[in-house]
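One structure is given below, encoded as C-alpha cells.
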Amino acid sequence: MPVLTRLIPSPVVVDIRPGALDDLGCVLADERVSHSGKLAVAVSGGSGARLRERLAPSLPGASWYEVGGGTLDDAVRLAGAIKAGHYDAVVGLGGGKIIDCAKFAAARVGLPLVAVPTNLAHDGLCSPVATLDNDAGRGSYGVPNPIAVVIDLDVIREAPVRFVRAGIGDAVSNISAIADWELAHRVKGEKIDGLAAAIARQAGEAVLRHPGGVGDTDFLQVLAEALVLSGIAMSVSGDSRPSSGACHEINHAFDLLYPRRAAAHGEQCGLGAAFAMYLRGAHEESAYMAGVLRRHGLPVLPEEIGFSTQEFVRAVEFAPQTRPGRYTILEHLDLTTDQIKDIYADYVKAIGS
Ligand SMILES: [Zn+2]
C-alpha cells in the first residue's frame, strides 16, 4: 500500500518529566542517538559545572565543552573544537544560548543534536532555528531539529521563575501568530499549513487555558510540551510562521530600537500578542490573554518592562520593518503614529489595571 501521508520531522525521543535527567544516559545510549557512547556535551561555564558533576559518572564517553556565550563566533568555535573528535552526537545542556550554539555547531559538523534545556524561556528548544548574535546584531540560522529532547522538570523548577514566565509569553503568542497567518491567507492568498497551525495553536491554547501556575509541576509539564510542539510546528511548516507574527515583530522592534534595555523575548512577545489581538478587533480574547499573562506575573503594558507609551508606539510603528515580507495585522492595518496612540489608549482601558 502506498504511503500517502507525510512524515513529521521530529525527535526520536521526547522525555519531559521530573527526574528525566537521571535517565539521560539511557536516552543517549539508544543506538539511534549514540551507539559508541562518544558524545560532545556543550555546557555553560557557570551553572553547567554542577550539571557536569552530576552527569559525568553516567556518561563515561562524553567530552565536555564550555561554551562562552550565545554568539555566532562561540558556535563556530564550538564546531571547530568538536570536529576533531569521533562523536556520535552533540548534547546541548543548558539555557537557550547553549542550546543554540550546540544546534549550530552540530549542524556544521553534521552530527545530530540532543537538546537538554535547563529552562523554558522560549520555544527554541526544539525548533529548526538557532538564534545567535553576530556582527550585525542578531541572526536566525536554519538547522535540523534535535534528534532527542530531554526536559527535567525538577531542573526547570530550580531556574529563576522569570524564565518560566517568558516561556508562557512565547507559547501564548502562538495564538496571535496563527491569527496573522490566517489573515495573510485570506488577504494575500498565503498558503497555510493546517497541521503546523493546529499544533502551534493547541500548544498556545493549552498554556492559555491551564488553571495552574508557574510553581505547579502539571503546569510546567504542559508548558514544556507546548514549547516542544511549537518547535515541531515550525519544522512542519519549514519556517517560524506558526509561532511568529505581529507579536514577534513587536518583540524584534524592542530588541533593535532599544538593544540594551530590551526585556526577555517571551515577555515582549506576550505583550505584543495581547496588543495584536486587540488591534485585530478580538477585544475579548485580548483582555482574556492579558488577564492570564498578568496572573502569571508577565507584563501587559510597556511601563511594566521599563518603556514609555511613546517608546512602545514607536516600536509598533517600526515592527513591520523587522520582518519584511511577513504579512500580519500590523502590515494589514498600516497604522499612522496617531492611530497607534489612539488604539493603544483604548487597549489600556480595555484590559483594565
Ligand atoms: Zn518566540
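Things worth noting here:
- Contact order relative to length of the stretch 161-351, as percent, for alpha carbon pairs under 8 angstrom and 6 or more apart: 26 percent
- If the segment from GLN202 to CYS26 were pulled out straight at 0.36 nm per residue, it would be longer than the present Cα-Cα gap by 60.3 nm.
- Each other residue within a Cβ distance under 15 Å of LEU21 adds +1 if Lys or Arg and -1 if Asp or Glu, for a net charge of -2.
- Extension gain, LYS349 back to ASN134 (0.36 nm per residue minus Cα-Cα distance, nm): 73.4 nm
- Gyration tensor verdict on the stretch 161-351 (Cα atoms; rounded if a/c is under 1.5, prolate if a/b is larger than b/c, oblate otherwise): oblate
- TYR258-GLU158 FRET efficiency (beta carbon distance; Förster radius 35 Å; 0.05 resolution): 0.70
- Projected label points at ARG54 and THR5, each 7 Å from Cα along the beta carbon direction, are separated by 3.7 nanometres.
- The chain - percent relative contact order, Cα under 8 Å, separation 6 or more: 15 percent
- Folded to 0 to 90 degrees: helix 283-295 orientation relative to the chain principal axis, Cα: 50 degrees
- Only one residue of SER63, HIS122, PHE104 has its Cα farthest out toward the positive end of the dipole of the stretch 37-127, where Lys and Arg carry +1 and Asp and Glu -1 on Cβ, and that residue is SER63.
- Cα-centre dipole for the chain with unit charges at Cβ (Lys and Arg positive, Asp and Glu negative), debye to 20: 380 debye
- Table column - 3J(HN,Hα) (Hz), the stretch 296-308, Karplus curve with 6.51, -1.76, 1.60, x for Gly and Pro: 8, x, 8, x, 10, 10, x, 4, 6, 10, x, 10, 7
- To the nearest ten degrees, helix 161-188 and the longest principal axis of the Cα atoms of the chain are 60 degrees apart.
- Packing order of peptides 291-302, 336-347, highest average first: 291-302, 336-347 (average count of other Cβ atoms within 10 Å over each peptide's residues).
- Only one residue of THR322, GLY270, LEU93 has its Cα farthest out toward the positive end of the dipole of the chain, where Lys and Arg carry +1 and Asp and Glu -1 on Cβ, and that residue is LEU93.
- Using the Cβ-Cβ distance between GLN310 and GLU284 with R0 set to 35 Å, the FRET efficiency works out to roughly 0.80.
- Projected area averaged over orientations for the chain, convex hull of C-alpha atoms, nm²: 18.2 nm²
- Within the stretch 6-159, the ratio Rg/Rh, alpha carbon atoms throughout and Rh by Kirkwood, equals 0.93.
- Helix 96-109 and the longest principal axis of the Cα set of the chain meet at an angle near 60°.
- Per-pair calculated FRET efficiency, R0 = 35 Å: LYS188 and SER63 via Cβ, rounded to 0.05: 0.10
- When Rg and the Kirkwood Rh are both derived from Cα coordinates, the Rg/Rh ratio for the stretch 253-324 amounts to 0.95.
- The charge dipole of the stretch 13-158, taken about its Cα centre with unit charges on the Cβ atoms of Lys, Arg (+1), Asp and Glu (-1) only, comes to about 220 debye.
- Helix-only CD estimate at 222 nm, as mean residue ellipticity for the chain, using -39500 (n - 2.57) per DSSP H run (n ≥ 4): -16000 deg cm²/dmol
- Here the stretch 198-276 was treated as a single set of alpha-carbon atoms; its pair distances binned every 10 Å from 0 give 18, 43, 33, 6 percent.
Bear in mind these aren't lab numbers, they're just calculated from the coordinates by the rules spelled out. Since the structure is predicted, the reported quantities are computational estimates derived from the model, not experimental observations. Here the Cβ is made from the backbone with ideal geometry for all residues, glycine too, and neighbour counts use every protein chain on show.
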